[in-house]
Amino acid sequence: MKRLKIAVLFGGCSPEYSVSLQSAAAVLQNMDSNKYEAVMVGISKTGDWYSYTGPIENIKNDTWFDPEICTPTVVLPNRSEPALLVFGRGDMQKIHLDAAFPVLHGQNGEDGTVQGLFELAGIPLVGCGVLASALCMDKERAHKLVQAAGVAIPHSIVLERCANLDIVRAKADALGYPLFIKPVRAGSSYGITKVTGSEQLSAAVELAFQYDDHIILEEAIPGFEVGCAVLGNEALLVGEPDEIELSNGFFNFKEKYTLETSTIHVPARVTAEQREQIKESAKRIYQALDCQGFARVDQFLTPDGKLVFNEVNTIPGFTAHSRYPNMMKAAGMSFEQVISSLIELAVRK
């Protein structure tokens, strides 16, 4: 049987460049080589695209860029010829693609931009399309749509860069402390601060505006965060929900990738009834935001048993130790099976 050629994209012009390298390396190492031939596409921090033919380990340790094994490449926009154009020394090679798997996180990769490029070229895309990717990256608009679907959301206020500190202080006082200040469009907890008093506002606002020109002030929800791995297009498969146990603070970038003072429990330590409620709510959110392929849906479970929406990650962390693969593993799917299922969903669609 002829193997399908799958472009696996890594890196990217995003603060989450390093996270992408780890996720993509894990995807490549767990892709079924009997079914698929990986076409590795590295995107530099400055946004330049390269066809990469070196070892996967060099992606993982960020030594992948080498002119000897990296050749400039672009996506051919002709829908009749789904392919990459690779510009070698004195020649040009056309590599047919059966699908593209963007293992990119954050801006310029998870926000609909790359998805639009492949949809324009008629290349089947693993994961969410343009609309869902853009919506889920935008916390304000995602919250509004999810609320319209009947799911509770945190109270929040969005401010533009022109807002002065007096306005921020008045809005924060109206929400009450503690609260979170976040960029509206960013991932991996970049630019997020948990604020417990007005004296912290100035630094928190300055940090958030480093990642976006709109920020969101959001109430802190009591309880703990629960996640759900969702896989599918029309028929949805949901992994076992997980639970984040924090010893202090919040699940920031450092905690997400080191777990120094926090623990992730899979399955979540909740009742059977709550587990089903979490799954059903996750599916409702997934569908309300037009997600396809896969996504991780994060919610809060309050002490009185209420579910409150947090966010959707359309390309969540994808290492063997990441939350999404572990939730699917708890539901009986290996990492290799998950990747194969995602590719087949894209090709069939």
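The figures follow:
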{"quantity": "Pair list, Cβ under 7 Å, 6 or more apart: segment 110-138 residue farther than 17 Å from GLU344 by Cα, other residue of a type in the set (Ser, Thr, Tyr) and open to solvent by less than 10 Å² (accessible area, probe 1.4 Å)", "calculated": "GLU110/SER133; GLU110/THR314; ASP111/SER133; GLY112/SER133; GLN115/SER133; ALA132/THR314; SER133/THR314; CYS136/THR314"}
{"quantity": "Among the candidates GLU57, GLU81, GLU37, residue that is of a type outside the set (Val, Ile, Thr), in a strand (DSSP E or B) and over 30 Å from ASP213 (Cβ atoms)", "calculated": "GLU37"}
{"quantity": "Residues within segment 166-206 that are open to solvent by 10 Å² or more (accessible area, probe 1.4 Å), part of a helix (DSSP H, G or I), within 30 Å of SER133 (Cβ to Cβ) and touching a Ser or Thr at 6+ places or on another chain (Cβ under 8 Å), tallied", "calculated": "1"}
{"quantity": "Qualifying residue in segment 279-287 (condition: over 22 Å from the mean Cα position of the chain (by Cα) and either part of a helix (DSSP H, G or I) or modelled with pLDDT of 95 or more (or both))", "calculated": "no"}
{"quantity": "Residue check, VAL130 touching a strand residue (DSSP E or B) at 6+ places or on another chain (Cβ under 8 Å), of a type in the set (Val, Ile, Thr) and more than 23 Å from LYS306 (Cα to Cα)", "calculated": "no"}
{"quantity": "So SER340, is it open to solvent by 20 Å² or more (accessible area, probe 1.4 Å), under 27 Å from ALA24 (Cα atoms) and at pLDDT 95 or above", "calculated": "no"}
{"quantity": "Residue within segment 64-71 that is under 25 Å from VAL230 (Cα atoms), open to solvent by less than 70 Å² (accessible area, probe 1.4 Å), part of a loop (DSSP other than H, G, I, E, B) and among the hydrophobic types (A, V, I, L, M, F, W, C) present", "calculated": "no"}
{"quantity": "Residue match in segment 226-236 (condition: assigned to a loop (DSSP other than H, G, I, E, B), touching a helix residue (DSSP H, G or I) at 6+ places or on another chain (Cβ under 8 Å) and modelled with pLDDT of 95 or more)", "calculated": "yes"}
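The values are calculated or read from the model by the stated rules, or taken from the named source; none is laboratory data. Treat the numbers as computed from the prediction; the structure is a model and nothing was measured. With ideal geometry, Cβ positions are generated from the backbone for all residues, glycine too; neighbour counts draw on all protein chains shown. To get the accessible areas, we keep the full protein, side chains included, count just its heavy atoms, and leave off ligands, DNA and RNA. Shrake-Rupley method; radii C 1.70, N 1.55, O 1.52, S 1.80 Å.
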